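The structure under discussion appears below in the form of structure tokens.
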Amino acid sequence: MTIEHLKRGKPEADRAEDDAKTAAVVAATLKDIETRGDTAVRELANKFDGYDRDSYRLTQDEIDALIAKVSPRDLEDIKFAQAQVVNFAQAQRDSMLDIEVETMPGVILGHKNIPVQSVGCYVPGGKFPMVASAHMSVATAKVAGVPRIIACTPPFKGEPNPAVIAAMHLGGAHEIYVLGGIQAVGAMALGTETIDPVHLLVGPGNAFVAEAKRQLFGRVGIDLFAGPTETMVIADETVDAEMCATDLLGQAEHGYDSPAVLVTNSRKLAEDTLTEIDRILEILPTAGTAGVSWQDYGEVILCDSYDEMLAVADDIASEHVQVMTDRDDWFLENMTCYGALFLGPRTNVSNGDKVIGTNHTLPTKKAGRYTGGLWVGKYLKTHSYQKITTDEAAAKIGAYGSRLCLLEGFVGHAEQCNLRVRRYGGQNVPYGEAAE
């Protein structure tokens with residue numbers, strides 16, 4: 001296997017050091033929120049967002065007033081995008097069935113899909129107001145049937161962003177708070193004097209938000225590790241450098257730490273893309289952000305074959321994978337580790353981010369090796385149940401259970417089974433012995 005890096009990002013050791021610093025800040029901040037509640041949240045909101053108010057929860061009158069500021073066209077676009085997300089989420093929900101089967105005469109097993117009872121949705125918005133994230137988390141939770149949905153987003157330029165608030169409200173949020181960062185995630189998970197804690201946290205965020213969710217996991221559930229945006233372009237000579245460069249920089253503008261990786265088997269495309277990126281950065285209004293991401297986290301990886309490209313892509317397990325080759329469906333069939341695939345040059349990651357209907361909250365930092373993205377199923381808990389309806393089945397299962405319990409040395413367990421054998425099977429089993 002011959003793999004050549006024409007461009008590398010920050011060394012892994014430097015990235016690990018950054019992660020360790022983030023983790024320490026998050027741990028101290030969460031402890032402060034847990035100890036001092038609303039007071040700590042208020043201090044953090046003032047420190048990081050310069051935002052203070054009597055209550056960070058918006059009233060219905062405030063929500064109505066903010067929605068009134070959204071232009072009719074923008075409101076129509078928000079509703080269109082939300083409808084696409086809801087339609088796909090509903091199709092996913094319809095695929096998840098409660099089941100009940102009689103596995104042998106008198107033995108009934110089943111499972112039920114039960115919504116999580118409360119969810120906290122984080123919608124990023126400090127640098128860019130992430131209107132679409134409200135559809136992905138709030139509206140999908142509503143489709144799942146979650147009875148209490150709360151949502152937090154930071155102020156944008158000192159005020160709640162009207163479009164984000166509109167999307168949250170239309171999506172079905174029951175409580176909306178103007179809070180960002182660790183203070184939002186910590187308040188939703190841990191609870192304060194004025195915010196009841198939730199059972200599940202969902203939504204993407206910066207490195208601090210992602211780390212806060214990681215540290216809070218166990219106290220509450222989380223959807224997945226959704227940190228700074230990652231994008232990968234897998235391309236061959238069927239596409240040009242402008243397409244590749246645009247798709248890489250289009251995601252690199254998310255933040256200063258957004259990895260963007262080109263994997264190709266064409267040296268010409270690789271070199272042309274590097275040149276095209278330099279050209280676009282000269283004219284891109286968000287080059288101040290995208291350029292830093294590309295400098296520190298951009299990579300160009302040249303492979304000999306499609307098999308090598310596949311192996312590299314699965315190892316990196318990028319959040320967004322844009323595939324533009326002469327065999328896009330081959331990658332769909334064979335890739336195993338990623339957040340979401342975007343197949344063919346007509347498709348692009350921005351469509352997935354904003355409007356097409358699939359969920360844009362996706363695994364980062366190689367989490368695509370063990371989980372997919374946020375979807376309606378993340379809000380549902382699949383709980384099993386058992387029921388024995390005949391004396392014969394109670395005695396038969398009890399006898400097997402008795403012997404298997406004693407095989408492991410669990411005498412008390414065995415007696416639970418033996419009691420049923422005596423009661424329903426008429427067999428007298430002495431205490432501590434296995435049923436026949």
Unique residue being of a type in the set (A, V, I, L, M) and without any contact (Cβ under 8 Å) to a residue 60 or more places away in the chain when the list is 123, 101: 101
Pick from the stretch 338-393, criterion among the β-branched types (Val, Ile, Thr) and out of contact with any strand residue (DSSP E or B) (no Cβ under 8 Å at 6 or more places or on another chain), ranking: surrounded by the fewest Cβ atoms within 10 Å (Cβ to Cβ): 390
Condition met for residue 218 (over 30 Å from residue 273 (Cα atoms) and out of contact with any strand residue (DSSP E or B) (no Cβ under 9 Å at 6 or more places or on another chain)): yes
Residue 165 being open to solvent by 10 Å² or more (accessible area, probe 1.4 Å) and in a helix (DSSP H, G or I): no
Pair list, Cβ under 9 Å, 6 or more apart: the stretch 260-284 residue closer than 21 Å to residue 338 by Cβ and touching a residue at least 24 places away in the same chain (Cβ under 8 Å), other residue among the basic types (Lys, Arg) and loosely packed, with under 14 Cβ neighbours inside 10 Å: none
Residue in the stretch 145-162 that is farthest from residue 178 (Cα to Cα), counting only those that are among the small types (Gly, Ala, Ser) and surrounded by fewer than 24 Cβ atoms within 10 Å (Cβ to Cβ): 145
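Each row is one residue, and each column tells you yes or no for (1) open to solvent by less than 50 Å² (accessible area, probe 1.4 Å); (2) of a type in the set (S, T, N, Q); (3) in contact with a helix residue (DSSP H, G or I) (Cβ under 8 Å, 6 or more places away or on another chain); (4) over 30 Å from residue 390 (Cα atoms).
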site: 25; (1), (2), (3), (4): no, no, yes, yes
site: 44; (1), (2), (3), (4): yes, no, yes, yes
site: 51; (1), (2), (3), (4): yes, no, yes, yes
site: 55; (1), (2), (3), (4): no, yes, no, yes
site: 59; (1), (2), (3), (4): no, yes, no, yes
site: 85; (1), (2), (3), (4): yes, no, yes, yes
site: 88; (1), (2), (3), (4): no, no, no, yes
site: 94; (1), (2), (3), (4): no, no, no, yes
site: 102; (1), (2), (3), (4): no, no, no, no
Restricting the stretch 168-182 to residues that are in a helix (DSSP H, G or I) and open to solvent by 10 Å² or more (accessible area, probe 1.4 Å), the residue that is nearest to residue 154 (Cα to Cα): 181
Residue 196 vs. criteria within 29 Å of the chain's Cα centre (by Cα), more than 17 Å from residue 181 (Cβ to Cβ), charged (D, E, K, R) and outside any helix (DSSP H, G or I): yes
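The values are calculated or read from the model by the stated rules, or taken from the named source; none is laboratory data. Note that the structure is predicted; figures quoted are calculated from it, not measured. Please note: Cβ atoms are built from the backbone with ideal geometry, for glycine as well, and neighbour counts cover all protein chains shown. Just the protein is used for accessible areas: all its heavy atoms, side chains included, with ligands, DNA and RNA removed. Shrake-Rupley method; radii C 1.70, N 1.55, O 1.52, S 1.80 Å.
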